[in-house]
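Q: Here you go, one structure.
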Amino acid sequence: MSRKTHRYTTVAVAATLSLSLASAEMSSAFAQALEPGENGAAEQEVAPIFISREIVQPIPGELGAVDADAGQVLDEASAGSLRELVMRTDTGFELSEQMHCLAGAVYFESRGEPLAGQLAVAQVVINRAESSRFPESYCAVVFQRAQFSFVKNGQMPRIKTGSEAWRRAKAIARIAHEGLWESEAADALFFHAKYVNPRWNREKVARATINQHIFYR
């Protein structure tokens, strides 16, 4: 309840006021205390606050959006470069079958390429899995017949899992899968090395050239 602020200045004035007048003033003061905009018993309306950025939930037990060591969200806003993001990305987790296929494609197709080129290869695999023109999973995309030259008889070659190249491939796969860094390949579905000139590239739209690879839509 609001505290009354009006005080009578003299006892004589207080004596001349009738009980009815005093009651009227008390009622008026109480009513004014409840007027909108005053700090009284009336509650002010609070406007809702909307979060403008999408919150991406990590996959429990497999991938997360938080670096366990740094305790920070891994995204473009918290990393100054792709290299920094790769270095900060936790790779000390067991890969699922699908993520192993994605990382394997990065490892065999682009481990000698700059990080942007490795990310672009991962993006192509992801784009294919999301396109109705290709199989619906990373592994199905990677093992699709006559698509990736490193696949022999439906098998992926042995990976040196203790190598730095494999750690980077795992980090790149996670970054691409979670959409933590925008790839120059954008919506590309195809790529080839510069030293070859396949006939199909005449019918495609080039999206990016990164070191030794050209990416197409």
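The values are calculated or read from the model by the stated rules, or taken from the named source; none is laboratory data. Note that this is a predicted model, so its numbers are computed, not measured. With ideal geometry, Cβ positions are generated from the backbone for all residues, glycine too; neighbour counts draw on all protein chains shown.
Q: Of all the residues that make up segment 87-109, how many are more than 19 Å from ALA140 (Cα to Cα) and not charged (D, E, K, R)?
A: 5
Q: Could you tell me which of the residues SER132, SER137 is out of contact with any strand residue (DSSP E or B) (no Cβ under 7 Å at 6 or more places or on another chain), loosely packed, with under 13 Cβ neighbours inside 10 Å, under 21 Å from ALA188 (Cα atoms) and among the hydroxyl-bearing types (Ser, Thr, Tyr)? Walk me through how you get there before you give the answer.
A: On the way: SER137 fails: loosely packed, with under 13 Cβ neighbours inside 10 Å.
Unique residue meeting the criteria: SER132.
Q: Among the helices (runs of 4 or more DSSP H) confined wholly to segment 110-179, which include 2 or more residues that are in contact with a helix residue (DSSP H, G or I) (Cβ under 9 Å, 6 or more places away or on another chain) and farther than 19 Å from LEU95 by Cα?
A: Details: elements: 115-130, 138-142, 164-178.
Filter on segment 110-179 gives 115-130.
Q: Just one of ARG217, ARG168 is under 17 Å from LEU82 (Cβ atoms), at pLDDT 95 or above and among the charged types (D, E, K, R); which is it?
A: Working: ARG217 fails: under 17 Å from LEU82 (Cβ atoms).
Testing whether each residue is under 17 Å from LEU82 (Cβ atoms), at pLDDT 95 or above and among the charged types (D, E, K, R) leaves just ARG168.
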